[in-house]
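Written out below as structure tokens is the structure these notes cover.
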There are 4 protein chains.
Amino acid sequence: MALKLNCDLGESFGAWTMGMDEAVMPHIDLANIACGFHAGDPVVMQNTLALAKQHGVTVGAHPGYRDLNGFGRRSIQHQPEEIIALMLYQISALEGMAKAQGIEVEYVKPHGALYNDMMSDHSTRRAVLQAMAEHHSPPILVMQATPEAEQHLAEAEALGIQLWFEAFSDRGYSDDGRLVPRTQPGALLDRQQMLAQAQQLTQEGAVTTSGGKRLELKVDTLCVHGDNPEGIEAIRELRRIVQG
Amino acid sequence: MALKLNCDLGESFGAWTMGMDEAVMPHIDLANIACGFHAGDPVVMQNTLALAKQHGVTVGAHPGYRDLNGFGRRSIQHQPEEIIALMLYQISALEGMAKAQGIEVEYVKPHGALYNDMMSDHSTRRAVLQAMAEHHSPPILVMQATPEAEQHLAEAEALGIQLWFEAFSDRGYSDDGRLVPRTQPGALLDRQQMLAQAQQLTQEGAVTTSGGKRLELKVDTLCVHGDNPEGIEAIRELRRIVQG
Amino acid sequence: MALKLNCDLGESFGAWTMGMDEAVMPHIDLANIACGFHAGDPVVMQNTLALAKQHGVTVGAHPGYRDLNGFGRRSIQHQPEEIIALMLYQISALEGMAKAQGIEVEYVKPHGALYNDMMSDHSTRRAVLQAMAEHHSPPILVMQATPEAEQHLAEAEALGIQLWFEAFSDRGYSDDGRLVPRTQPGALLDRQQMLAQAQQLTQEGAVTTSGGKRLELKVDTLCVHGDNPEGIEAIRELRRIVQG
Amino acid sequence: MALKLNCDLGESFGAWTMGMDEAVMPHIDLANIACGFHAGDPVVMQNTLALAKQHGVTVGAHPGYRDLNGFGRRSIQHQPEEIIALMLYQISALEGMAKAQGIEVEYVKPHGALYNDMMSDHSTRRAVLQAMAEHHSPPILVMQATPEAEQHLAEAEALGIQLWFEAFSDRGYSDDGRLVPRTQPGALLDRQQMLAQAQQLTQEGAVTTSGGKRLELKVDTLCVHGDNPEGIEAIRELRRIVQG
């Protein structure tokens with residue numbers, strides 16, 4: 001199966017525009033739509049859902065911490081029941097709006113700090129999985145592809161949750177399978193490196209780490225960014241690569 | 001059919017408590033649950049849904065304008081598409097959380113200024129009805145019982161929406177069928193007057209106006225308030241009355 | 001005295017950018033800085049104040065209704081004491097931050113719907129003036145230049161408030177001295193018309209209305225917009241005109 | 001000098017009431033007033049300032065993280081410049097509103113998670129001190145009295161900031177001078193223990209720890225709570241004790 005391209009969309013808010021959703025939507029497979037807590041508002045959500053429907057793009061919920069000012073990028077201490085409630089709220093809001101347009105929310109990808117906390121903190125991950133399990137008809141959960149994939153699969157399966165693993169085309173990987181921190185050299189790949197990494201993931205299911213190691217990663221989808229014309233052109237090239 | 005008692009619940013927010021939900025829930029039929037824009041938050045919504053389920057109380061969405069500081073009581077200029085979007089968002093959020101607990105949202109009662117604008121402004125009412133019609137499986141809409149009930153029914157039926165009409169047990173009615181404004185004498189009924197008005201609504205489907213006129217009102221449900229022990233005792237008496 | 005150019009700045013919020021503040025700041029006289037209720041956040045305010053200081057631009061507070069999602073453009077019902085409190089809060093927040101950088105807030109220009117309500121609704125205008133009067137050292141208040149200027153001056157003077165009147169360079173005026181509504185032809189001037197209107201205001205203190213009438217307006221400052229490169233080029237031309 | 005009693009006040013928000021401010025105010029020395037980010041709104045702040053002025057109570061700013069839903073009790077990752085900006089914003093807002101009533105903000109006590117992070121995390125404490133130092137006329141900063149008081153004094157003096165140290169009358173102290181965590185026995189003192197601890201602090205400048213050790217603490221003020229009638233009665237007794 002070809003790797004799917006997923007992209008964060010619907011991140012405008014009121015009078016503030018973010019992203020080039022109309023230019024990106026035709027070239028991706030999965031639209032991660034913000035649900036109002038870190039970005040997005042009801043009108044933006046309606047419009048983004050309509051755009052995804054128009055282009056036949058699969059829709060996912062992109063819930064985040066309640067932090068508009070920090071764009072959901074700041075880790076916030078939460079009790080598990082708070083994480084469960086904020087995820088169910090946001091997924092449900094998008095889901096009902098999608099149904100009103102005749103489409104379904106097929107997956108969930110947590111946003112920003114919630115995503116990072118899910119990957120690094122077991123208690124947060126358990127709360128995220130619990131939220132998914134409480135859903136009346138659980139969508140698929142997107143997690144980062146790491147060497148711990150088998151453990152994450154086991155945790156998810158125990159609650160009846162299906163996972164998709166994602167890799168990042170434009171970020172370097174450390175030998176331990178984590179992303180190179182943005183403060184270090186090699187964190188961000190240039191265009192050639194990015195295309196090469198996508199090629200390797202498509203053909204071998206592996207990346208070459210910053211230490212030169214070959215690291216196999218189980219990957220279902222590539223995360224892409226379309227904030228500017230260069231980004232959109234890169235997405236078009238990535239699509240050609242992943243579709244072989 | 002006995003008049004049903006409806007009450008606004010789930011109006012706490014974070015560390016702030018409002019209402020005596022646990023004391024009220026056993027004595028009402030319909031719980032209007034705030035959806036996070038004027039009151040309520042995801043955790044409060046989870047808890048309120050669980051409480052309603054425990055007592056077998058029918059659950060309704062209580063969407064409002066996005067105005068926590070004004071508690072949804074201040075009219076805010078909106079475009080119709082904004083009203084449609086904010087209603088679908090809030091109804092959907094509660095609905096998905098209800099489904100996660102195995103229950104359904106069966107009706108929608110707009111809150112505060114959104115409710116008042118719906119009753120007094122045709123453009124707002126049309127947007128509210130449109131929001132309901134866009135829902136994939138429209139719940140019932142609660143409107144105020146007024147002499148314009150037939151017109152409201154016609155507007156709703158044209159979009160396939162079912163209405164419930166509500167009367168206020170503790171508010172005086174003017175000769176024109178509207179509530180006596182709070183700034184005027186006779187706006188708020190005392191306990192005896194309230195029980196008498198409920199009795200008259202139950203037995204005759206009518207109220208006696210501030211001008212002494214007998215006014216017939218088509219009523220399905222009575223709005224009650226349970227903010228304090230006296231209010232809860234009044235609800236218990238009202239229930240005996242409406243159940244004949 | 002040359003007309004001063006005033007421009008709304010500091011309207012970014014968290015991860016969302018609005019306006020081209022760095023490009024505009026060198027070419028204006030007065031920076032209306034958003035104070036966090038409709039736009040702006042503490043970090044944006046810090047940066048905007050520093051930019052104004054760097055270019056020697058006079059700083060004004062630009063308070064709005066508490067409505068990030070509506071960008072302060074939606075009228076919201078308020079009690080007078082609410083308007084007084086939200087104005088004092090926002091002005092004070094900016095003022096203290098300005099003092100921390102060694103500069104002063106010299107004037108106040110209400111934003112969006114608060115500005116419109118101030119001009120059209122006497123009760124709102126009285127509350128705005130009252131807020132200014134309660135300030136420990138009232139800055140100047142900016143109002144729209146209209147045929148009612150004398151009345152507005154009298155209202156302000158009664159409370160010890162000084163006014164600056166502003167005209168809009170890029171909006172057409174009706175015969176009654178109001179702006180042509182955006183829904184009507186002639187609402188927005190093209191570049192030539194805009195420069196001509198600025199010229200006429202500078203030299204004659206008058207505009208030519210949509211009905212062809214010559215209308216004298218007492219004007220202290222012109223409102224300009226710098227959202228794109230054309231807007232900034234227009235500001236540079238306007239500055240040459242107003243500086244004779 | 002007698003220990004001063006400080007209490008968090010002005011923690012209502014819109015329609016939600018918290019605390020018994022009118023009953024507490026006559027019995028305290030220092031009112032820590034919420035500034036709108038975790039609690040309080042402009043109207044609440046106006047009213048709380050007026051109440052403090054009426055009773056001659058010294059006013060302090062009580063800034064918190066921007067988290068109404070979490071009441072500022074959840075730690076949120078921040079960059080130092082974000083902490084500096086949010087503190088200056090909130091202090092300034094209260095300060096200007098106080099000046100409008102003819103009173104001054106004389107001190108600052110960070111709230112909740114911001115307070116805890118200030119005490120436990122050096123980077124946060126440095127940002128808090130930096131915010132104070134950037135203020136045009138720095139108020140006094142309140143920190144918790146701990147065995148590290150000398151180090152905190154040195155850090156503050158280096159930036160020209162004066163400190164007041166506070167102790168908690170109703171919380172047990174560990175041998176290391178920290179509060180016994182709420183999850184452990186001895187975290188909360190009963191009334192007798194509380195009065196005894198206040199007495200010991202007043203007479204000896206020391207507490208008896210949970211391990212039975214005598215711990216000297218440099219203390220300027222006692223933090224008290226007035227959420228219920230028992231709390232208010234306790235405050236009255238504490239006042240008699242600290243005033244000897």
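The values are calculated or read from the model by the stated rules, or taken from the named source; none is laboratory data. Since the structure is predicted, the reported quantities are computational estimates derived from the model, not experimental observations. A quick note on method: Cβ atoms are made from the backbone with ideal geometry, for glycine too, and the neighbour counts reach across all protein chains shown. Note: areas computed on protein heavy atoms with side chains; ligands, DNA, RNA excluded. Shrake-Rupley method; radii C 1.70, N 1.55, O 1.52, S 1.80 Å.
So what is the 222 nm mean residue ellipticity for chain D from helices alone, if each DSSP H run of at least 4 adds -39500 (n - 2.57) and you divide by all residues, rounding to the nearest 500 deg cm²/dmol?
-12500 deg cm²/dmol
Farthest toward the dipole's positive end in chain D, which of D:TYR107, D:LEU88, D:ALA50, given Cβ charges of +1 (Lys, Arg) and -1 (Asp, Glu) about the Cα centre?
D:ALA50
What does the charge count near C:GLY205 come to, summing +1 for each Lys or Arg and -1 for each Asp or Glu among other residues with Cβ under 14 Å from its Cβ? Write down the numbers at each step before the final one.
Working: positive: C:ARG214, C:LYS218; negative: C:GLU166, C:GLU204, C:GLU216, C:ASP220.
Charge balance in the 14 Å sphere: -2.
Which pairs in the list C:LYS99/D:LYS4; A:LYS109/C:LYS53; C:LYS53/D:LYS99; A:LYS4/A:LYS213 are over 32 Å apart, alpha-carbon to alpha-carbon?
Table pairs above 32 Å Cα-Cα are A:LYS109/C:LYS53.
Using a label point 7 angstrom from Cα along Cα-to-C-beta, what distances in nm, from shortest up, separate C:ARG126 from the other copies?
Going from nearest to farthest copy, the values are 3.5, 5.4, 6.1 nm.
Tell me, for the rotation carrying D onto C, which chain D residue has the beta-carbon closest to the axis and what that distance is in whole Å.
Measuring from each Cβ to the axis, the minimum is at D:ALA93, 2.
What translational D, rounded to a whole number of µm²/s, comes out for the stretch D:1-106 from Stokes-Einstein when the hydrodynamic radius is the Kirkwood one over Cα pairs, at 4 °C and 1.567 mPa s? Spell out each step's value before the answer.
Details: Rh = 14.0 Å.
Once the numbers are plugged in, D ends up at 93 µm²/s.
Using only Cα atoms, figure out Rg for chain B and give it as a multiple of 2.2 N^0.38 Å. List each step's numbers first, then the result.
Details: Rg = 17.0 Å, N = 244, 2.2 N^0.38 = 17.8 Å.
With N residues counted in chain B, Rg over 2.2 N^0.38 Å equals 0.96.
Once the other residues with Cβ under 12 Å from the Cβ of B:GLY96 are scored (Lys, Arg +1; Asp, Glu -1), what is the net sum?
Values: positive: A:LYS99, B:LYS99; negative: A:GLU95, A:GLU134, B:GLU95, B:GLU104.
Neighbourhood net charge equals -2.
Averaged over C:64-73, how many beta carbons belonging to a partner chain fall within 10 Å of each residue's beta carbon?
Working: counts 0, 4, 7, 7, 8, 16, 9, 4, 2, 3.
Counting other chains' Cβ atoms within 10 Å and averaging over C:64-73 gives 6.
Given a Förster distance of 35 angstrom, what is the FRET efficiency for A:ALA158 paired with D:ALA154, based on the Cβ-Cβ distance and rounded to 0.05? Can you show the working numbers first?
On the way: r = 53 Å, r/R0 = 1.50.
Given R0 = 35 Å and the Cβ-Cβ separation, E is 0.10.
Considering only the label points, 7 Å along Cα→Cβ from Cα, what distances in nm to one decimal separate A:PRO147 from the same position in each other copy, shortest first?
Inter-copy label distances (nm, one decimal, shortest first): 4.0, 8.0, 8.0.
If you average the alpha carbon positions of the stretch B:9-66 and of the stretch A:134-148, how far apart do those two centres end up, in angstrom?
So the two Cα centres are separated by 30 Å.
Normalised by the residues of chain D, what does the relative contact order come to in percent, with Cα pairs under 8 Å and at least six apart?
On the way: 471 pairs, mean separation 48.0, N = 244.
Taking the mean separation of contacting Cα pairs over the length of chain D, I get 20 percent.
Roughly how many nanometres apart are two label points built 7 Å out from the Cα toward the Cβ at B:ALA187 and C:GLN192?
In this crude label model, B:ALA187 to C:GLN192 measures out at 5.8 nm.
Quick check: at a probe of 1.4 Å, how many percent of the accessible area of chain B sits on carbon and sulfur atoms?
Values: 4320 of 9400 Å².
Carbon with sulfur: 46 percent of the solvent-accessible area.
How many nanometers, to one decimal and shortest first, lie between the label point of D:SER210 and those of its other copies, if labels sit 7 Å from Cα toward Cβ?
4.1, 6.1, 7.3
Kindly report the accessible area of chain C per residue (heavy atoms of protein chains, probe 1.4 Å, no ligands, DNA or RNA), in Å². Could you put the intermediate results ahead of the total?
On the way: 9390 Å² over 244 residues.
For chain C, the per-residue accessible area is 38 Å².
Run the numbers on the stretch A:90-125: which residues show a drop of 30 Å² or more in accessible area, chain on its own versus all protein chains together, using a 1.4 Å probe over heavy atoms?
Listed by number, the residues meeting the 30 Å² cut-off are A:SER92, A:ALA93, A:GLY96, A:MET97, A:LYS99, A:ALA100.
Considering only D:HIS135, D:PRO147, D:CYS223, whose Cα is most displaced toward the positive end of the charge dipole of chain D, charges sitting on Cβ of Lys, Arg (+1) and Asp, Glu (-1)?
D:CYS223
Given +1 on the Cβ of Lys and Arg, -1 on the Cβ of Asp and Glu, and no further charges, what dipole in debye does the stretch A:109-244 carry about its Cα centre, rounded to the nearest 20?
Numbers: 13 positive and 19 negative charges, 43 e Å.
Around 200 debye, computed over the stretch A:109-244.
Which net charge results for the neighbourhood of D:ALA187, defined as the other residues with beta-carbon distances under 12 angstrom from its beta-carbon, given Lys and Arg at +1 and Asp and Glu at -1? Walk me through the intermediate numbers first.
On the way: positive: D:ARG171, D:ARG178, D:ARG182; negative: D:ASP170, D:ASP190.
Spelling it out: positives minus negatives among the neighbours equals +1.
When Cβ neighbours within 10 Å are restricted to other protein chains, what is their mean count per residue of peptide B:28-39? Show your work: numbers first, answer last.
Numbers: counts 0, 0, 0, 0, 0, 0, 0, 2, 6, 3, 2, 3.
Rounded to a whole number, the mean comes out at 1.
In nm, to one decimal, how far is the C:GLU104 label point from the D:GLU237 one, both placed 7 Å along Cα→Cβ?
Taking the simple label geometry, C:GLU104 and D:GLU237 are separated by 5.3 nm.
What is the distance in Å between the Cα centres of the stretch D:74-108 and the stretch D:179-233?
28 Å
Would you mind working out the magnitude of the charge dipole of the protein assembly as shown relative to its Cα centre, with +1 at each Lys and Arg C-beta and -1 at each Asp and Glu C-beta, to the nearest 20 Debye? Before the final figure, lay out each step's value.
Values: 76 positive and 124 negative charges, 1 e Å.
Value, rounded to 20: 0 debye.
Hey, in the GNM for chain D with a 10 angstrom Cα cutoff, which one of D:ALA93, D:ALA131, D:ALA15 fluctuates hardest?
Of D:ALA93, D:ALA131, D:ALA15, the most mobile in the Gaussian network model is D:ALA15.
Give the long-range amide H neighbours of B:LEU189: residues separated by 5 or more places, or on another chain, with amide H under 5 Å away, using H modelled in the peptide plane at 1.01 Å from N.
HN-HN under 5 Å from B:LEU189: B:ARG171, B:GLY172.
Nearest 100 Å² is fine: what is the total accessible surface buried where chains A and D meet, probe 1.4 Å? Walk me through the numbers before you get to the answer.
Details: alone 11340 and 11320 Å², together 21790 Å².
It comes to approximately 900 Å² buried between A and D.
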